[in-house]
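Visitor: This is the structure I want to talk about, given as structure tokens.
Values in this text are rule-based calculations from the coordinates and carry no lab data. Being a predicted model, the structure only gives us computed values, none of them experimental. Quick reminder, even Gly has a Cβ in these numbers, built from the backbone with ideal geometry, and neighbours come from all protein chains shown.
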Amino acid sequence: MAEKLAPSEALADEAGLTSHDNHTPVKNGGPRSNAERVHEFHESEGYIIDINTPDVAKAPGLKLAKDGHTVLIPQPSDDRNDPLNWSWSKKHLILFVVSFASFLPDYGSATGAVTLIPQALEWETTPDYVNHSQAGNVFMLGAGGVIVVMLSAFFGRLPVVYWFLLGSTATAAWCAAATSFESFMAARILNGFFSTVCQAGGLMFLKDTFSFHEQARKINVWASFIVISPYMGPLLAAFMTETQRWPVPFWVFFAMNIMGLALVICFLEETYYDRGIPADEQPARGSRIARLTGVAQWKSRHLRNSFGQACWRTASVLLKPTVALSCVFYAFTFAWAVGINTTLAIFVTPLYGFGPRQIGFFYFTPVVAVILGEATGHWMHDALAKQYIRRHKGHFEPEVRLRAVFFSMPFVIVGLVLIGQCFENKWHYMATSVCWGMYVFGMMITTVALSSYCLDSYPEASGEVSSWLNMARTVGGFVVSYFQVTWAAAQGTKLSFGIQAAVCAASFLLILVLLRWGKAMRVWAGPLNFATT
């Protein structure tokens, strides 16, 4: 457990500014280990984010944001190659590239939710059986993400994104060209593994390039691309399949992968930077091609994690109780979003007599819901944080992020209950649309809250917490997609969706546990003791 420091001493220590020699931060007169340095706050103290308060004195040399009172966490170095020192335009270009690449996995995955009916006719099987390819793809979106962050901790961020997107592009073409269900299913599974790279590891880039006080809004942007993507896929695919054969939407997905790969090649940068190494001792960045392919990072691999350390990092993060509980909550609440999305055509086609065009229009609802969720979260997450900081004299605790879930969960629970009522009672499709939108809106807010909470709790494990949350989301959806239709057929949608809502309500108890005892759990568990961020 970290020792308690005076406010000004804590500020300087947290920023890594008190030192006896070359960038060796000290605490209470003794040198801090590298593992302590990369953990950017003390669990017992929380973040000290605002110095414009009566009981917090400004530490000498402390770097602040342009407002003059917000502490920059982490403290940027004086090196122009430090991502925190990059220009506004470069940072936001990286945010866009990572967000666009994060859009691809679920977009491609959910495209199959519309094409499964014509595929079943072509391959003389049932839509539910063709849906197994969808389930395999969804599972690999999670499993592949865990591998992504392991490799990134060893090889670096940029080359992993490049090579995985190359694999995603190739398998997207395979999906479109498949002539049998077996070939299509193999392509879909492999595509899920490769395409998840930025969806699972996107938090690494955001954490590397943006300071603490900026991160919630950037996560909100990145998460909106992820949450909206499974609805954009079916929306566009439905219009295409009305006049074209089912491979056409997958050829479009292939073209989007090419675009994503081109953006990475042209604009994405290696954002890993160790601020514990003086600027004149930093490893050579190498040429653009060397950074992209991993040649430059390979030469400096001894300055990062060994492969064993990289693997252990991912496992050790899940052993932290706050991360584990967050993942369980996310799995039990987001799973139904995947289940609904992958089986929606099976429900609404016989109920409302929808064709491809009507299904396409129906998907405008969650798209609008995600946009509203992003707009709401853009101010709400920061407002909750600033309110806490004002009331607690410049201090901030990660658990504050979870307060947004109090706002989002009523939309999630009520939305699920009413969707079941709409299907069973054959309510007008506009009522179904609004109820579905309520659920999606709630999950958009919840996604940002959980991602921000886990990142704030373990900032040195940005990739690892991102991958486990992604794994929880996709594995939950993978399981649900297998029994969503048969469950509704056996017990009726009113009961099945009512149970889903009850599961979400029960899971909310985990948020209450984290709000009450989350800090105590983090203090008890201690920092991750990673050698690098």
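Visitor: Defining a contact as two alpha carbons under 8 Å apart and six or more residues distant in sequence, what relative contact order in percent does the chain show?
Guide: 23 percent.
Visitor: To continue, here is another question. What is the extension gain from L121 to R357, computed as 0.36 nm multiplied by their sequence separation minus the C-alpha to C-alpha distance, in nm to one decimal?
Guide: Computed gain between L121 and R357 is 83.1 nm.
Visitor: Sorted from fewest to most neighbouring beta carbons within 10 Å, what does the list I277, I258, I359 look like?
Guide: Least crowded to most crowded, the residues run I258, I277, I359.
Visitor: Starting from the Cα of E182, step 7 Å along the direction of its Cβ; do the same at I371; then give the gap between the two resulting points in nm.
Guide: Taking the simple label geometry, E182 and I371 are separated by 4.5 nm.
Visitor: While we're on this one: Using +1 at the Cβ of each Lys and Arg and -1 at the Cβ of each Asp and Glu in segment 142-273, identify which of F210, I265, S229 lies farthest towards the dipole's positive end.
Guide: Result: S229, furthest along the dipole toward the positive end.
Visitor: Could you state the angle between the C-alpha long axis of helix 307-318 and the longest principal axis of the C-alpha atoms of the chain, as a value from 0 to 90 degrees rounded to the nearest 10?
Guide: Result, in degrees: 70.
Visitor: Report the relative contact order of segment 253-362, percent, no decimals, based on alpha-carbon pairs under 8 angstrom and at least 6 residues apart.
Guide: Result for segment 253-362 is 11 percent.
Visitor: Nearest 10 degrees is fine. How inclined is helix 88-123 to the longest principal axis of the chain, computing both from alpha carbons?
Guide: For helix 88-123, the angle is close to 20 degrees.
Visitor: How large is the dipole of the chain about the Cα centre if only Lys and Arg carry +1 and Asp and Glu carry -1, each at its Cβ, rounded to the nearest 20 debye?
Guide: Using Cβ point charges on Lys, Arg, Asp and Glu, the chain gives about 260 debye.
Visitor: Would you kindly state how much longer the chain becomes between I499 and A255 on full extension, computed as 0.36 nm times their sequence separation minus their alpha carbon distance, in nm to one decimal?
Guide: Net length gain for the segment: 83.8 nm.
Visitor: For V328 and Q387, FRET efficiency with R0 = 35 Å and r from the beta-carbon atoms, rounded to 0.05?
Guide: For Q387 and V328, the calculated efficiency is 0.80.
Visitor: Per DSSP H run of n ≥ 4, the term is -39500 (n - 2.57); total these for the chain, divide by its residue number, and report the mean residue ellipticity at 222 nm rounded to 500 deg cm²/dmol.
Guide: Counting only the DSSP helices, I get -25000 deg cm²/dmol.
Visitor: Let me know the volume per residue of the alpha-carbon convex hull for the chain, in Å³. Can you show the working numbers first?
Guide: On the way: hull volume 70.2 nm³, N = 533.
Spelled out: Cα convex hull of the chain, divided by residues, is 132 Å³.
Visitor: Mind listing the phi-derived Karplus ³J(HN,Hα) values for segment 268-277, rounded to whole Hz, using 6.51, -1.76 and 1.60 with θ = phi - 60°, and x for any glycine or proline?
Guide: Each residue's phi maps through the Karplus curve to give 6, 10, 6, 9, 5, 8, 9, 6, x, 9 Hz.
Visitor: Next up: Angle between the Cα long axis of helix 197-209 and the longest principal axis of the chain, 0 to 90 degrees, nearest 10?
Guide: Its long axis makes an angle of about 30 degrees.
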